[in-house]
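Notes to accompany the following structure.
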Amino acid sequence: CPAPSALRTPNGTRICAQLYTDNSPYYDQCCAGKVLVVVPGDDVPYMPRGWGNRISSLVVGTRCDLTVWSRAGKRGKSRRFGA
């Protein structure tokens, strides 16, 4: 997985989080598959099509928090992740 401080686009813009569809019990094989990028200031109450119940690993950048909910529309239980 990338280091939280290394989350940047190719042009150097900061990324707050990257969410991945594939995971593994072996650390060097984590953070694989499709990638969903979360930029600073994103507020997404509904997951993009095809991403519901698919995320298995994530990395949150420094100085960012990622809050997720168990149900669509920011309902249900929430959990906050940081670097």
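The values are calculated or read from the model by the stated rules, or taken from the named source; none is laboratory data. Fair warning: this is a prediction, and the values are worked out from it, not measured in the lab. Because the Cβ atoms are built from the backbone with ideal geometry, glycine has one as well, and the counts that use them run over all protein chains shown. Ligands, DNA and RNA are stripped out before the accessible areas are found, and what is left, the full protein with its side chains, is counted by its heavy atoms. Shrake-Rupley method; radii C 1.70, N 1.55, O 1.52, S 1.80 Å.
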Mean-position separation - Cα centroids, segment 3-17 and segment 29-51, in angstrom: 14
Charge dipole (debye, nearest 20) of segment 17-82; +1 at Cβ of Lys and Arg, -1 at Cβ of Asp and Glu: 380
Whole-percent carbon and sulfur share, accessible surface of segment 17-82, 1.4 Å: 48
In segment 1-49, the chymotrypsin sites (Phe, Trp or Tyr not before Pro) that fall in loop regions by DSSP, at most 10 other Cβ within 10 Å: Y26, Y46
Per residue accessible area of the chain, 1.4 Å probe, in Å²: 71
Rg ratio (alpha-carbon, reference 2.2 N^0.38 Å) - segment 17-82: 1.11
Charge-dipole axis of the chain as Lys and Arg at +1 and Asp and Glu at -1 on Cβ define it, positive-most pick from P25, S78, P4: S78
Segment 5-34: trypsin sites (Lys or Arg not before Pro) in DSSP coil with no more than 14 other Cβ atoms inside 10 Å: none
Heavy atoms of D42: accessible area, 1.4 Å probe, square angstrom to 10: 80
Value of relative contact order over the chain, rounded to a whole percent, pairs C-alpha under 8 Å and six or more apart: 31
